[in-house]
2 protein chains.
Amino acid sequence: MSSGIIKRLTSSDATFDAQLSALLAWEEGTHEQVESVVKGVLADVRKRGDEAVLEYTHKFDKLAAGSMSQLVYGQERLQQALANISEQDRTALQAAADRIASYHKHQLQESWRYTDEMGNQLGQKVTPMDRVGVYAPGGKAAYPSSVLMAAVTAKVAGVPDVALVTPTPAGQVNELVLAAAAIAGVDSMYTIGGAQAVAALAYGTQTIPKVDKIVGPGNVYVAEAKRAVFGTVDIDMIAGPSEILIISDGTADPDWLAMDLFSQAEHDEDAQAILISPDQAHLDAVQASIEKLLPTLARNEIATISLQKRGALIAVGSLSEAVEVSNRIAPEHLELAVADPEALVDDIRHAGAIFMGVSTSEALGDYCAGPNHVLPTSGTARFSSPLGVYDFQKRSSIIYCSKNGASQLGKVASHLARAESLEAHARSAEYRIID
Amino acid sequence: MSSGIIKRLTSSDATFDAQLSALLAWEEGTHEQVESVVKGVLADVRKRGDEAVLEYTHKFDKLAAGSMSQLVYGQERLQQALANISEQDRTALQAAADRIASYHKHQLQESWRYTDEMGNQLGQKVTPMDRVGVYAPGGKAAYPSSVLMAAVTAKVAGVPDVALVTPTPAGQVNELVLAAAAIAGVDSMYTIGGAQAVAALAYGTQTIPKVDKIVGPGNVYVAEAKRAVFGTVDIDMIAGPSEILIISDGTADPDWLAMDLFSQAEHDEDAQAILISPDQAHLDAVQASIEKLLPTLARNEIATISLQKRGALIAVGSLSEAVEVSNRIAPEHLELAVADPEALVDDIRHAGAIFMGVSTSEALGDYCAGPNHVLPTSGTARFSSPLGVYDFQKRSSIIYCSKNGASQLGKVASHLARAESLEAHARSAEYRIID
C-alpha cells in the first residue's frame, strides 16, 4: 500500500533488506566543477590573502568592499544587534544559550595523572585549542541556533578565540545571527563566506588569523573546501541531509508524529523521515495524519518531495525488531515514541541523539534542550558523535619516569627496539638502565 | 656555527622566525599519479570485492593466492606465532601490552545523565564502535609495537571486532606482528595491504566485513586511500614524518640527548630532531656528542640525512622562551630534559606526548610506558590528540523531557523555530505545550 506521499515497507517482505538499502542510499555526488573552483579559490587566498578574499566576496556574494576592515564586525556591532532585536528574541536566544552551556559543561574533560607500581607518573593533560572558526551560512538558511551550538560549545571548552564567518549576500545581514554571536561570546566576526572564508580561516590572511579547527555547515563549496583543508586544520564532519527515525509503539498521537516527521522533511528535499512500528493500524493512522496535515505546512512543497523520495513508514514484528532496524540505519535523530523508552535505549548502539518518550520531540533538541544539534548524519553515528566540548579540547600524554621505572622500562623498550631494528631507540633506553 | 651535521639557530637573530618556519616547513607533495592509482583501486575493489583484492595482492605484493581464504589467518595461526617466538620476545610484548591496556583504561568514558530543574533528564550514552580495522605495514617497517598500540586500545574501548590487515610481500610473514595480534586479542587477520586493503575494510567484500574506522600508518598509497574513504568510515590522522623536540637546561648528559635525537632521526630521512637550550656551552657539548656518536649508529646514513636536512640546535634566552618556541612548533614528542619539568609543563599548550625529566626518554614511551605512540605530527598537536580509547568510542545525546519540561522548552523552541521560518519544527514543539 502506498499513498503516493510516503512509502510503506514491511520487514517481513523477502525484499525488505534491498528496499531499505535503496531508501537509505545517499552519496554526495562528485562535483568536478565544484572541486576545481574550490581548488582555485584556496590556492589564491593562500597566496594573495585579503586581496583575494575581497575579490571573491565581490564576485560570489555581490558585496563590494574597498578593504577587509569593512568586512570585520567589531564587538560594538554585535552588541548593537543584541540590543536591537525584540525582547522575546533576546530572551529565547539567551535561554537556549544558557541551557547549551549548562549541558556542555558536563562534557569538560579534566587532566589526570596516576603513579604506577614502579613510581612512574602517567597521565593526560587536557587543553583547549587556541583558536576556532565557526562557519554560519548566510541568506535564507541563516540559523542563529547553529551559531549558539558551535560557539557556546567552543567557549565552554575554554577556547580563548572564537571567530565567526558568515556571508552577507548583497550586504544582507541577519541581526539574529549577530545577536547569537554576541550572546555566545564570539571574539571576532567577518562577513565572508564560501570557499574563500574557509581558506582565510585555514591559512590566515593579513587580517584574519589562522585557526586550528573549522566547524559549521555550508553549501557544497564550503563542504568541499573544508574537506580540502582537513589536515592543515581540523574540521567537524561533512554533514549529509538531515534525518529522523521514529520508533513508535502506537501510544503517541499520530498528528504529533506526523509533525515530527515534517520537522525533518521541511529542511530540504533530500531530508529523510522514517517511522517504524509493530502496529499496522497505527501506521495507517500516522499516514492519515500526514495526508491531513501536509497541505497545511508553509514549506509543504519541500516536505512533500522529501517524504515521497526518502520517507517511509515501516511495519515490523516487534519493538526489538524496530531497534535492530534502527541500529542498521544509525540515525542522526532517533525518537523513541513509546510508553517505556528505558526498555529500548540500552539496545540502541548507534544514534546521534535519542529523544525519549512522546513528550520529547526532536524540535526541542534542535533549539534549547541543551545537547548539540550538530549530529552525525547518513549512518556516520556508527563512528562519530554530536559536536561537543571534546571537539575543542585535545590531549597530551604525560610520562614522568622514576629512575627505577626508567631502568625497568628501559629493558623492555631496548628488547623491542632491537627486534624492530631501531638501534638508537634501544641505546637511548639502555642509557637509562641502572642495574 | 654549523658542523655540517646539524644547524645551529639563535632565537635572538633577526631572521630567527623565518629560519624556524623554513626548518618546520613540511607539506606532503600532491602525488597525482598516486591519487589516480588509488582512485582506480578503490573503485575496483568496491565493485568486484574479493576478486579485485586478489588481483592487486598478486600485482603489488607479488603474492599469488587462488582464493581469499588463503589470505585469512585464523586464531590458530596467530597463537602458533605467539608460541613459536622466543620467550624473551613474548615476555617483552606481553609486558608492553599490559602497560598499554592499564594506561588506556584511564581513558574509558562512561555514560552519564542528570535531571534539570524542569524534571528533564539529559545525558550522554557512550558506546564502542562495532568493528575497527588496523593497518600494519609489512616488510622492513613492520612494527609489532604499532599493532599493540592500535589493537589493545580498541579492545580496551570495548570494540567487539578488531580486524588486522598487513601485507606479506612475496609471502614474507613477520611472526612478531602475528604474535602481537594474538596478545592484543585481534579477532580476524588478512594478509593484504596497500589501497586494496583500505578499500576492502571501508566497503567490505564477500570475505571481509566493512569496518567503522581504519587506523594505522602506511605508505603514500595507504595514506591517500585513507584520505579518500574518510567519511565512508572514520580514519585516524594521516601521519607526517616523526619529530622530537627536546628542551634542555643543560643538566642531562649530552650523550643521552644526542641518542634521544637519533632515536627520531633514525626513523627516516624526513624525520625531525630539534634541541633547544638557553645554555650555549651545553649546545656545543650536545653537538660534540652528535659528531662522536653518529658514526656508531647502525642507521647512521638515514640519521645523518635527517639531521642535516631537518635537525637543529637552538639557543634561546631562557627556558620560558624555549616553551614559547615549543608551543609554536607543537611537537609530536616533547622531552623536558630539565631538573624541574613541573615548572614548565603547565605552560606547554600543544604537544602529542610530554616526556618529563632526564630519565624519561622518548623510546620508553614508544614501546612500553603505557601511553600511545600514535601521536599527532607536523604541528597537528594544535588540534589533535594521541590515539586513544576515545577514538573507538562514540556518544549519543540523551534527552528525556518531563511533560512540564517539554511544555516550557516548547515555548522557547517554537519562538526560535518561527524566527528561522521552520514552521513544522515550531508546530511539533507547540503540540507539547500544556498550559
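Using the Cα centre of chain A as the reference point, and only Cβ charges (+1 on K/R, -1 on D/E), how large is the resulting charge dipole? Debye, rounded to the nearest 20.
My answer is approximately 1740 debye.
For residue A:235, which sequence-distant residues (separation of 5 or more, or a different chain) have an amide H within less than 5 Å of its own amide H, given hydrogens modelled in the peptide plane?
Correct list: A:214.
Inside 10 Å of the C-beta atoms of A:259-267, what's the mean count of C-beta atoms belonging to other chains?
5
In debye, nearest 20: dipole of the protein assembly as shown around its Cα centre with unit charges on the Cβ of K, R (+) and D, E (-)?
Rounded to the nearest 20 debye, it is 560 debye.
Going toward the positive end of the dipole of the range A:185-322, with +1 on Lys and Arg Cβ and -1 on Asp and Glu Cβ, which of A:199, A:214, A:293 do you reach last?
Going by the charge dipole, the pick is A:199.
Give the long-range amide H neighbours of residue A:398: residues separated by 5 or more places, or on another chain, with amide H under 5 Å away, using H modelled in the peptide plane at 1.01 Å from N.
Residues meeting the criterion, in which the H sits 1.01 Å from N, are A:123, A:124, A:125, B:354.
Over its Cα atoms, what ratio of radius of gyration to 2.2 N^0.38 Å does the protein assembly as shown give?
That works out to 0.97 for the protein assembly as shown.
Summing Lys, Arg as +1 and Asp, Glu as -1, what charge do residues with Cβ under 11 Å from the Cβ of residue A:306 carry, residue A:306 excluded?
-3
Order these peptides, A:123-129, A:133-139, A:164-170, by their mean beta-carbon neighbour count within 10 angstrom, highest first.
Going from most to least packed, we get A:133-139, A:164-170, A:123-129.
Given Cα positions, please report Rg to Rh for chain A, the hydrodynamic radius being the Kirkwood one.
Using only Cα positions, Rg/Rh for chain A is 1.05.
Evaluate peptide B:114-121: per residue, the Cβ atoms of other protein chains within 10 Å of its Cβ; return the mean as an integer.
Rounded to a whole number, the mean comes out at 3.
Using only atoms on other chains, find how many Cβ atoms lie within 10 Å of each Cβ of peptide B:350-356 and report the average.
The mean count of partner-chain Cβ atoms within 10 Å per residue comes to 6.
Calculate one ³J(HN,Hα) per residue across the range A:89-101 by plugging θ = phi - 60° into the Karplus curve 6.51 cos²θ - 1.76 cosθ + 1.60, and present them in order as whole Hz with x for glycine and proline.
4, 4, 5, 5, 4, 5, 4, 4, 4, 4, 5, 4, 4
Tell me, A:230, B:392 in order of fewest to most beta-carbon neighbours within 10 Å?
Lowest to highest Cβ neighbour count: A:230, B:392.
If the limit is 22 Å between Cα atoms, which of A:213/B:105; A:105/A:394; A:155/B:155; B:155/B:213; B:105/B:125; B:39/B:226 go over it?
Cα-Cα > 22 Å for A:213/B:105; A:155/B:155; rest within.
Run the dipole for the range B:131-231 about the Cα centre, Lys and Arg Cβ at +1, Asp and Glu Cβ at -1, nothing else charged, and hand back the magnitude in debye, nearest 20.
The dipole of the range B:131-231 has a size of about 180 debye.
Using label points projected 7 Å from each Cα along Cα→Cβ, tell me how many nm separate residue A:13 and residue B:141, to one decimal.
That separation, rounded to one decimal, is 4.9 nm.
If the reach is capped at under 20 angstrom between alpha carbons, list the lysines near residue A:62, excluding any in the same chain fewer than eight residues apart.
A:140
Using helices alone, what [θ] at 222 nm do you get for the protein assembly as shown, with -39,500 (n - 2.57) per DSSP H run of 4 or more residues, divided over all residues and rounded to the nearest 500?
-13500 deg cm²/dmol
Tell me which lysines have Cα within less than 23 Å of residue A:292's Cα, excluding those fewer than 8 residues away on the same chain?
Those lysines meeting the cut-off are A:7, A:309.
Give me a comma-separated list of calculated 3J(HN,Hα) values for the range B:276-283, in order, Karplus coefficients 6.51, -1.76, 1.60 applied at θ = phi - 60°, integers in Hz, x for any Gly or Pro.
For the range B:276-283, the Karplus curve yields 10, 8, x, 10, 4, 4, 5, 4 Hz.
Based on the Cβ-Cβ distance of residue A:64 and residue A:86, what FRET efficiency does E = 1/(1 + (r/R0)^6) give at R0 = 22 Å, to the nearest 0.05?
0.10
Please label the shape of the range B:240-334 as rounded, prolate or oblate, based on the square roots a ≥ b ≥ c of the eigenvalues of the alpha-carbon gyration tensor (a/c under 1.5 means rounded; beyond that, a/b larger than b/c means prolate, else oblate).
oblate
Calculate one ³J(HN,Hα) per residue across the range B:198-210 by plugging θ = phi - 60° into the Karplus curve 6.51 cos²θ - 1.76 cosθ + 1.60, and present them in order as whole Hz with x for glycine and proline.
Going residue by residue, I get 4, 5, 4, 5, 6, 9, x, 9, 4, 9, 9, x, 4 Hz, with x marking Gly and Pro.
Every number here is computed from the coordinates shown, using simple stated rules; none is lab data. Keep in mind that this is a model prediction, so the values were computed, not measured. Every residue, glycine among them, receives a Cβ derived from its backbone with ideal geometry; neighbour counts consider all protein chains shown.
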